[in-house]
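A short write-up of the structure that comes next.
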Amino acid sequence: MPFTISCGDCFFCRKGLFSACERTNPNSEMAIKAMGHSPAGLFGFSHMLGGYCGGQAEYLRVPMADIGPIKVPDSVTDEQALFLSDIFPTGYMAAENAQIEPGDTVAIWGCGPVGQFAIRSALMLGAGRVIAIDEVSERLAMAEAGGAETINFAEVDSVYDELQFRTKGRGPDSCIDAVGAEASGHGAMDAVIDKVKAATFLATDRVHVLREAIMSCRMGGTISIPGVYVGMGDKIPIGAMMNKGLTIKTGQTHVQAYTKPLLARIEAGDIDPSFVVTHPASLEDAPEMYQKFRDKQDGVIKVVLRP
Ligand SMILES: NC(=O)c1ccc[n+]([C@@H]2O[C@H](COP(=O)([O-])OP(=O)(O)OC[C@H]3O[C@@H](n4cnc5c(N)ncnc54)[C@H](O)[C@@H]3O)[C@@H](O)[C@H]2O)c1
């Protein structure tokens, strides 16, 4: 069941742009003020995108239930199918948005669940090399198991320098920001300024990774941004973006466009999405699991709650 709520029939749904559905955000006025236009309603996102409750409950009301949900065949387990609702399509759309050509080098910031699926999707779409960046050792290990080379950003002086070194000075063909507005800057000056500005309500988003991706990407390359940004960010190197001729592609995932094709990939054995589950638990364990996920304790990467 997609996290995007879409009618399947409006101008945008007919174009396959399901997360832009015109009919499912009852609070669209709020979104229009903040963003110029309103995206679709999303489960568990915010009041600005509809105020729909999230999916982490025993039962959930599903609007437009004739459009989004798919029937899971008996040959696929719950854990294999579950991530079709969000992170598998998100990682896959991020890789598609990266406009990968055969043999390309793709750099991916963030080895959380979305980054993990972006790594595997980039390789499925023909990338020759994926370089994954994070600082959490078990996440870097899972990235390596998925076929990526890794950079621990806490152990290098400069991610930019390391990426240029590994690509003979040219830079990666595509860069995927699977971190978003909560990037850790590890002492970098721009990130310290972001933190101070966010704390004093002068900015909302910490844009360190996006800046690094724009600076690192090769001339004429592509930046794909699945990571969520919410409001205003500054010091975005727009001059570099323009003069390097970069393409930027981003968005809330058009989940309904991906569920059936990706289910077919699972059935064909191209990928088993259950690799990402590190902590199966009961609904009663949720508070403890939220805390462990937030604090990245106990090797947690993805929790699955079974009511
Ligand atoms: N576009 C969509 O429709 C969509 C859907 C789902 C999730 N998301 C977004 O994707 C992003 C990733 O989601 P997730 O569940 O994997 O989150 P997560 O928090 O589990 O993972 C983010 C990872 O980024 C790493 N990180 C932090 N700073 C970094 C830096 N400077 N360089 C490299 N890595 C850094 C963290 O250590 C962490 O492992 C979030 O912003 C989430 O909201 C978007």
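Placing R0 at 22 angstrom, the Cβ-Cβ distance between Phe165 and Lys235 gives a FRET efficiency of 0.35 after rounding to 0.05.
Charge tally for Phe11 (other residues, Cβ to Cβ under 11 Å; Lys, Arg +1; Asp, Glu -1): +1. Taking label points 7 Å from Cα along the Cα-to-Cβ direction, Ala34 and Val304 give a separation of 3.2 nm. Residues whose amide H falls under 5 Å from that of Ile223, counting only those 5 or more places apart or on a different chain, are Cys175, Thr247, Ile248, Lys249, with hydrogens built in the peptide plane.
Restricting the range 1-98 to trypsin sites (Lys or Arg not before Pro) that sit in a DSSP loop and have at most 15 other Cβ atoms within 10 Å of their own Cβ leaves Lys15, Arg61, Lys71.
For a straight C-alpha distance cut-off of 21 angstrom, the lysines reachable from Lys292 (same-chain residues fewer than eight places away being disregarded) are Lys302.
Arranged by the count of other C-beta atoms within 10 angstrom, fewest first, what order do Val156, Val196 take?
Working: Val156 15, Val196 11.
Going from sparsest to densest Cβ surroundings: Val196, Val156.
Among Ser46, Ser216, Ser224, the order by Cβ neighbours within 10 angstrom, fewest to most, reads Ser46, Ser216, Ser224. Less than 19 Å from a label point 7 Å out along the Cα-to-Cβ axis of His186: which backbone N atoms in the range 136-161 qualify, by residue? Correct set: 136-145, 148-161.
Determine which residues of the range 150-173 fall in the zone a paramagnetic label at Glu101 would reach in this model, i.e. backbone nitrogen under 18 Å from the point 7 Å along Cα→Cβ. Within reach of a label on Glu101: 167-173.
Distance between the pseudo-spin-label points of Asp285 and Leu60 (7 Å out from Cα toward the beta carbon): 2.0 nm.
Any idea how far the Cα center of the range 76-129 sits from the one of the range 1-73, in Å? Result: 22 Å between the Cα centres.
Report the antiparallel proportion of the DSSP beta bridges in the chain as a percent, rounded to a multiple of 5. Bridges in the chain that DSSP calls antiparallel: roughly 5 percent. Structural descriptor for the chain: relative contact order 17 percent, calculated from alpha carbon pairs under 8 angstrom and at least 6 residues apart.
Only helices enter the 222 nm calculation for the chain: every DSSP H run of n ≥ 4 contributes -39,500 (n - 2.57), and dividing by all residues gives -9000 deg cm²/dmol, rounded to 500.
For the range 20-80, chymotrypsin sites (Phe, Trp or Tyr not before Pro) meeting the loop criterion (DSSP other than H, G, I, E, B) and having at most 13 other Cβ atoms within 10 Å: Tyr59. Across the range 100-116, rounded Karplus estimates of 3J(HN,Hα) from the backbone phi angles (6.51 cos²θ - 1.76 cosθ + 1.60, θ = phi - 60°) give 6, 9, x, x, 4, 9, 10, 9, 10, 8, x, 10, x, x, 5, x, 4 Hz, Gly and Pro being marked x.
All alpha carbon pair distances within the chain were sorted into 10 Å bins beginning at 0; the resulting P(r) in whole percents reads 6, 25, 36, 26, 6, 0.
For the range 111-226, the relative contact order works out to 24 percent when only alpha carbon pairs closer than 8 Å and six or more residues apart are counted.
The loop-placed trypsin sites (Lys or Arg not before Pro) in the range 207-242, going by DSSP, that have at most 16 neighbouring Cβ atoms within 10 Å of their Cβ come out as Lys235.
Near the amide H of Tyr52, within less than 5 Å, lie the amide hydrogens of Leu42, Gly44, Phe45, Ser46, all on another chain or at least 5 residues away, with H placed in the peptide plane.
Each reported figure results from applying straightforward, stated rules to the coordinates on display, with no laboratory input. What you see is a predicted model, and the numbers here were worked out from it, not measured in a lab. Counting neighbours? That spans all protein chains shown, and the Cβs are built from the backbone with ideal geometry, glycine included.
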